[in-house]
Amino acid sequence: MKKLERSLSLSYVIAISIGGMLGSGIFVLPGLASNITGPSVWLAYLLGAVCVLPAALSKSELATAMPSSGGTYVYIERAFGPLFGTISGIGLWLSLLLKSSFALIGLSAYLSVLIKIEDGFAKLVAIGFLSFILLLNIFGVKKVGKVQLVVVSISLACLGGLFFIGFPSVNPDFLVPFMSDGNTGLISAIAFVYISYSGVIKVAAIAGEIKNPNKNLPLAMILSLLSITAIYVFTAFILVGNIAPDSLGVDIKPIHTIAQLLGGEYFGYAAAIVGVLTLMSGANSGVLASSRFPFAMARDLLMPPVFSKIHSKYLTPVFAILITGFLMAVVILFLDVIKIAKLASAFMVMMFISVNFCVIILRETSAQWYKPTYRSPLYPFLQVFGIISGFVLLLLLGWMPLLSILVIFAIGSVVYLFVGKNATRTGVLTNYGHVPALFLFYKKDPGVIAIQQEESSSSLDGKLASDAGTIVPLLGNENSAEMLVEMASAINTRSSVQAVNITEVPNQTFLEALNTDTPKILSIERRLKKLSESQDLDIDFESVVTHEVSNTVAELSGQINCDWLVMGWDGIAHSGILVRNPVGWLLTNVHSNFALFKDNGIKNIGEILVALRPGRKDKNFLAVAERVCSFYGASLTLLHIITPAFSKAATKKMEQKSSALLSSLKVPSSLKIVESEDPIKSVSNISSEYDLLILGAPEKDNWISVLFGTKRDKFTESSACSVLRLTMKD
C-alpha cells in the first residue's frame, strides 16, 4: 500500500494552519459577527480562542500519540469506536468543506472590487477558483505548502499595516454600546466565529505528511492559535472602531472597506487583491485537510475503498479530493453565506467537544499504545471546560445547526451500517466502558467479540506453561520485571510461574507485522532466565501482541490451572461511570485471584507488614502472607488500626482472634494494634519500618470516585515500602 509523503516542515505547517484560519475568519466573518454583538466582536474572537484552547491542547496531545492523516476523525474513532468515528469523520469533512465554500463566496466578493462581476455570475466565479484549487491539491502537498507560506506572509503584512494606520483613527462613538444584544449576543457571536479557528484541526488532519510530527505538530498548533488570536482581536477592533455599525453589519468584504477608508481607492484595490489571495489560500488548505477525512475513513473500512486510492505519481488521494470539490460546488450554488457559517461552526463545536472527551477517555483507560510525547496541561479541568463551553455555544447557534447535527448522526449511522459493518475494531470506550457508556453509544457486537476472542486465542499459541499456577502479564511499565516475577513466585501454589510480555497496538496495526521479538523483550527473557537459574524457580516466558491488553490478560487468568494473576501497578485503579483503566476493568473481569504489586525499589524483603481492612477474610490473606514470608525468609507483623472510639472489650476480642490466627502460622509473627484517627497517615509512618506492605482491595468505591473515575488507593500511594494488594475471588 502506498503511503503519503512526509514533506511538510514546521514553517509550512504553521503557514497551512494560519492560512486556514486567516481566510474567511477575518476577511469575511467580522462584519456579519458585528451584526450579532456590535463593537464587542473583538471580545467574541478572544473568548472564542479561549474556548478553542482546550481542544487545541488536547489535539496536540492526541496528534503526537497518533500522527496519521485523518486527524480528529482518527482520535475519535480510536476512542469511541468505528460507529462514532464514522459520524465524526463525515461531520468534520462537511465542516471543513463548508468553511472552504464560505471562503470562496467571500473571494468572489473581493474579486468584484477588481473586476466587474454580475450578481448572477459571482457563484460561478467561486466555482472556477474551486476548480483551480482542486488541481493544485491533486498535483502535490508540497506545492500547497509553498503557496500557503507566500500568501500568509503577504496577508499578515497587510493586516499589520491596517492596524498601525487604523488604530489612531478609531472613533469612540462607534464603540458604544459595547454589546448591542447583551451577554446573549456576545455568546452567540462567539459561537458564530468559532469556525474561524478550525485551522487548528486542519494541521492535525495532515499529520501523516508532517516531518517530525511529535515535535512540529503541537508546536505549530499552539503558535498558530496564539498568533491568529492576536490578529483577529486587533483587526476586529480596528474594524468596529473605524466603520459605522450599520455598514459593517452587512459587509462581507470588511478588509477592503477599511483599507479604502483609511488609504484611498488604490489602497482598497491592494487589500482586495490580498483578500482574493488569502481566501483562495484558506479554501486551498480546507480542501487539503477535509479530503483527508474520507481518505482515512476508507483505510479503516468505514467508507468505500475508492476513497483510499492514492495517485501513483503525485501520491495524493485524488478521488477524495474530487468528491470534496463536488460537495463544495453544491454548497456554493445552493446555500447562503449565513447558513454556511452557522453549519460549519456547529459541526466544528461538536467535534471539538469530542476531542476533549477523547483525551479523558484515553488517559483514564491508560491504553498501553497511547503514548503521546506531548501532554495537555491542567488535565482534566481544561478538557471539562472545553466540553461545557462547547455545549453552551452549540445551543446558542439555533435550531437549524442542531438539526443538521442530528442529520449527520443519521447519515453516519447508515454509512456505518452498510459500509463499515466489516470493520472489526472496537474503540477504547467500548473495551473499558461501564454499562452507561455502552448504553450511550453502542453495545459491543457479539460478532466483534467472537473475532476478538479468535485474535486473542491465536496470539496465545499453546506455548504457555499449562501447569502455571501464577501468571504475570508484563506491560512494559514495571520498575523491575525480575522483582515482579519473583513476587509472583512467592505467591504461587503450583509448580511454575508464567510470565507473558504483552504489547498492545492500535486496532489499525496488523498483529502479524509485529511478531518479531524486540531487543527489549529479548532482554527481559534473558534476565528472567537468569532469575530462574539463580533461585531454582520454574519460570516460563512468552511474548504476545494484542489489540486489547485487558481481554488478553483476562483470557490468561482463565487458564485452567491459574490461581493468581500478578501485575505491576502504580496505585491507580479507576472505576468511573463511563470509563476505567485496564486495572479497573480487570478487577471485575479476571477469573482468578488478582495481585497488584507496587514496586518501590526494595530488593531485600525481611520484614512484612499485613494491614487488613475491615470485613476481610483474615485467614485467607494471612495464608498468602505466610507463603511470601516463607519464600523470602521474612517475619510477619499483623497490623490493626483502631479509632479512639473503639471499646476496650472490642479491642481485646480483636487481639485474641488475631493472636489465634498468628499462632497457626509457621513463620515468625507478631501483632501490632495502633490507635489513630488517621489510618492512612499511621500506615504510612509504620510502613517505613518494613519492606513490604500487604493489603486487601477496598470493598467499594465512594460516590465521588464512581462519578469522576479518579480513584486512588491512598494506602498504597502513601506507603514508604513496596505494596502487594490482593483481591481474593473466594
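The values are calculated or read from the model by the stated rules, or taken from the named source; none is laboratory data. It should be emphasised that the depicted structure is a prediction, and the values quoted were computed from it without experimental measurement. Please note: Cβ atoms are built from the backbone with ideal geometry, for glycine as well, and neighbour counts cover all protein chains shown.
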Of 355, 392, the only residue that is touching a Lys or Arg at 6+ places or on another chain (Cβ under 6 Å), assigned to a helix (DSSP H, G or I), in the same structural domain as residue 128 (by TED's automatic domain parsing) and over 30 Å from residue 121 (Cβ atoms) is 355
Just one of the numbered conditions (1) buried (at least 18 other Cβ atoms within 10 Å of the Cβ); (2) modelled with pLDDT of 75 or more; (3) assigned to a helix (DSSP H, G or I) is not true of residue 554; which one? (2)
Conditions (1) closer than 22 Å to residue 165 by Cα; (2) not in a loop (DSSP other than H, G, I, E, B) -> residue 251 fails only (2)
Taking only pairs six or more apart or across chains, which ones have beta-carbon atoms under 8 Å, a first residue in the stretch 591-602 that is of a type in the set (Ser, Thr, Tyr), and a second residue that is surrounded by 15 or more Cβ atoms within 10 Å (Cβ to Cβ) and not in a strand (DSSP E or B)? 592/557; 592/562; 592/563
Only one residue in 239, 262 is under 26 Å from residue 52 (Cβ atoms) and modelled with pLDDT of 85 or more. Which one? 239
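For every residue, the table says whether it meets (1) part of a helix (DSSP H, G or I); (2) at pLDDT below 90; (3) among the hydroxyl-bearing types (Ser, Thr, Tyr); (4) closer than 16 Å to residue 272 by Cα.
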residue	(1), (2), (3), (4)
116	no, yes, no, yes
120	yes, yes, no, no
127	yes, no, no, no
132	yes, yes, no, no
136	yes, yes, no, no
145	yes, yes, no, no
150	yes, yes, no, no
153	yes, yes, yes, yes
Any idea which of (1) under 25 Å from residue 629 (Cα atoms); (2) at pLDDT below 80 is the one residue 469 doesn't satisfy? (2)
